[in-house]
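Asker: For reference, the structure I am asking about is given below.
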Amino acid sequence: MRDGMGPDDIERQLRDSFDARARAGVPDGAMPPPPRFATAGAAPRRHGRWLAPLAAAAVVLAVVGTVLGLQSGSGHHGQQPVAGPSGRQTSPPVLQTSATAAPVDIRMVPVDGATYGVGMPVVAYFSQRFSSAKPLVAATSVTVSGKPVHAAWYFEKSAKPGYPVEGHLRMRDYWPAHVDVHVTVAANAITPATTVNFHTGARTIAVVEDAKHQMVVTSDDKSLGVFPVSLGTDSTPTGRGTKVIMAKQPSICLSGPGFHGCGIKYAQQLTFSGEYLIAAPWNAALGLRDTSNGCTNLTSADAEYLYRHLRVGDVVKYPDTTGPMMQVAGGLGDWNVPWAVWLKGGLIPTG
Amino acid sequence: MARTGDADAAVAALFQAQRLPMVRLARLLVDDLETAEDVVQDAFSALHRKWGSITSHDAAIGYLRTSVVNGSRSVLRRRRTARAHPWPDATKWSADSADSGLLVAEEHREVLAALRQLPTRQREVIVLRYWSELPEAEIAAALGISVGAVKSSASRGREAIAALLGGMS
């Protein structure tokens with residue numbers, strides 16, 4: 001349908017898509033009460049704008065709303081949400097029980113109710129550093145389909161503005177396939193209460209074998225196929241280690257040495273540095289030689305197939321590429337940290 | 001129309017009529033609903049403060065629209081730093097997929113994903129042109145740029161979106 005698309009088609013498509021976004025994303029019935037405007041001076045800025053009325057009631061709010069664009073999964077289940085001044089659902093206020101305890105804003109990455117691959121860690125962003133994670137560890141409980149399991153926090157510096165620390169929570173091995181994962185953090189000296197619930201899909205593992213220039217994918221121990229690839233050249237080698245799909249985009253722009261292009265399709269992101277699984281119809285060396293800037297190049301048909309069958313949280317291993325070892329902070333590099341090291345807690349000791 | 005004593009009632013009436021279209025406009029400029037609501041709330045607060053200098057209904061709408069565009073732009077500027085850490089996109093993708101009640105069809109999602117990759121100016125022009133259906137002169141006024149710049153941004157934006165959708169390949 002997109003072949004030979006002319007300017008009129010683009011204009012029509014833009015109007016249709018904007019209309020669809022408006023109808024789906026902003027329901028007509030979602031009208032909040034009119035705001036009360038500040039009568040003098042400027043309105044309090046940023047979070048303070050909607051914190052102010054609550055602060056007057058001498059409470060400290062567990063801030064879940066955000067201007068940073070991250071749609072948090074840190075819901076507060078079992079409690080009635082209250083409507084903030086702007087009409088959005090905000091979490092209920094949490095009473096500060098101790099004058100010295102400073103609740104740290106915590107936001108989790110898995111989206112409540114969504115389904116992820118078995119390699120997906122829970123990622124929590126913390127608005128302040130803290131010296132010991134012991135209270136947080138004691139307050140954390142994780143169940144898999146209702147049964148308690150042992151999962152551990154590992155902390156590192158975060159690049160997210162306003163959130164200097166991020167914690168990753170995982171079990172020793174991947175989550176089991178086809179289960180419900182429920183993470184509860186009870187209110188503690190560090191954070192307010194937070195929960196997140198998500199599902200896991202099939203146990204889907206891809207192994208990219210550089211020596212054979214192929215990618216072998218299994219899902220619940222059944223083969224999804226063997227796909228010819230071309231990886232990074234000697235000067236731009238693909239990183240080594242275990243990576244996890246972080247994001248999927250139907251079409252992206254990519255830049256690299258001597259290269260900038262848009263309309264690159266079926267992109268599945270593996271590292272912050274910009275390694276993706278992508279459709280590379282221009283690459284004649286698939287299955288033969290490494291000619292890319294570090295991305296895993298696939299045929300368009302294979303890339304589309306994998307785009308449909310892999311999900312965020314699925315594991316992609318690079319055991320024999322020559323690039324730098326995948327780090328935790330390089331994306332979802334969690335599985336490259338040995339469990340004994342993980343248990344120490346990284347940046348913030350958990351023991 | 002502009003007596004400060006009337007401001008509360010007048011802005012409240014405008015809020016009833018204009019909040020939804022303004023939130024929808026902001027949503028196309030900043031992607032997520034919460035931020036869009038924040039931006040629109042700020043725009044109405046600013047309108048209330050400036051009420052004394054607003055001379056007509058049309059001027060009020062124009063002021064709101066410009067505030068929404070400028071507010072969205074500063075959110076994007078702040079977020080650009082955050083984009084070095086591209087989690088927001090990852091979660092957004094999952095959230096859209098998970099939320100079956102608010103599903104946007106795949107073809108529309110591709111267009112919206114392409115929109116997100118445009119430079120800010122092109123994105124603003126495309127949204128004001130094809131969502132707000134503003135004539136070029138009003139887009140120029142809202143953005144504080146020339147009509148020529150509106151034309152060229154619209155043209156480059158359309159070409160980039162066509163390329164992202166694979167229409168040119």
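Asker: Taking region B:108-124, which residues are more than 10 Å from chain A (Cβ to nearest Cβ) and crowded, with 22+ Cβ neighbours inside 10 Å?
Answerer: B:Arg123, B:Glu124 - these are the residues of region B:108-124 that are more than 10 Å from chain A (Cβ to nearest Cβ) and crowded, with 22+ Cβ neighbours inside 10 Å.
Asker: Kindly indicate whether A:Ser273 is closer than 30 Å to A:Ser131 by Cα and assigned by TED's automatic domain parsing to the domain that holds A:Thr238.
Answerer: The answer is yes for A:Ser273.
Asker: Another question about this same structure. Sort through B:Arg49, B:Arg27 and tell me the only one that's in contact with a helix residue (DSSP H, G or I) (Cβ under 6 Å, 6 or more places away or on another chain) and without any contact (Cβ under 8 Å) to a residue 12 or more places away in the chain.
Answerer: Sole residue among the options that is in contact with a helix residue (DSSP H, G or I) (Cβ under 6 Å, 6 or more places away or on another chain) and without any contact (Cβ under 8 Å) to a residue 12 or more places away in the chain: B:Arg27.
Asker: Listed residues A:Ile252, A:Ile190; which is in contact with a Leu (Cβ under 6 Å, 6 or more places away or on another chain) and buried (at least 17 other Cβ atoms within 10 Å of the Cβ)?
Answerer: Within the list A:Ile252, A:Ile190, the selection yields A:Ile190.
Asker: Same structure again: Please tell me if A:Asp221 is out of contact with any strand residue (DSSP E or B) (no Cβ under 9 Å at 6 or more places or on another chain), of a type outside the set (Lys, Arg) and modelled with pLDDT of 95 or more.
Answerer: So A:Asp221 does not fit the description; no.
Asker: With the requirement that a residue be among the charged types (D, E, K, R), closer than 18 Å to B:Leu33 by Cα and within 14 Å of another protein chain (Cβ to nearest Cβ), what does region B:45-79 give you?
Answerer: Matches in region B:45-79: B:Arg73, B:Arg77, B:Arg78, B:Arg79.
Asker: Give just the number: which of (1) on the phi > 0 side of the Ramachandran plot; (2) within 9 Å of chain A (Cβ to nearest Cβ); (3) at pLDDT 90 or above does B:Gly144 not satisfy?
Answerer: Status for B:Gly144: all satisfied but (2).
Asker: Counting only residues that are β-branched (Val, Ile, Thr) and within 11 Å of another protein chain (Cβ to nearest Cβ), how many does region B:147-169 have?
Answerer: Total meeting the criteria: 1.
Asker: I would also like to ask the following. State all residues of region A:103-156 that are more than 26 Å from A:Arg311 (Cβ to Cβ) and within 11 Å of another protein chain (Cβ to nearest Cβ); if no residue qualifies, say none.
Answerer: none
Asker: Quick one: which of A:Gly323, A:Gly313 is buried (at least 22 other Cβ atoms within 10 Å of the Cβ), over 13 Å from A:Ile278 (Cα atoms) and out of contact with any helix residue (DSSP H, G or I) (no Cβ under 6 Å at 6 or more places or on another chain)?
Answerer: It is A:Gly313.
The values are calculated or read from the model by the stated rules, or taken from the named source; none is laboratory data. The structure presented is a predicted model; accordingly, all values stated were derived computationally and were not measured. Because the Cβ atoms are built from the backbone with ideal geometry, glycine has one as well, and the counts that use them run over all protein chains shown.
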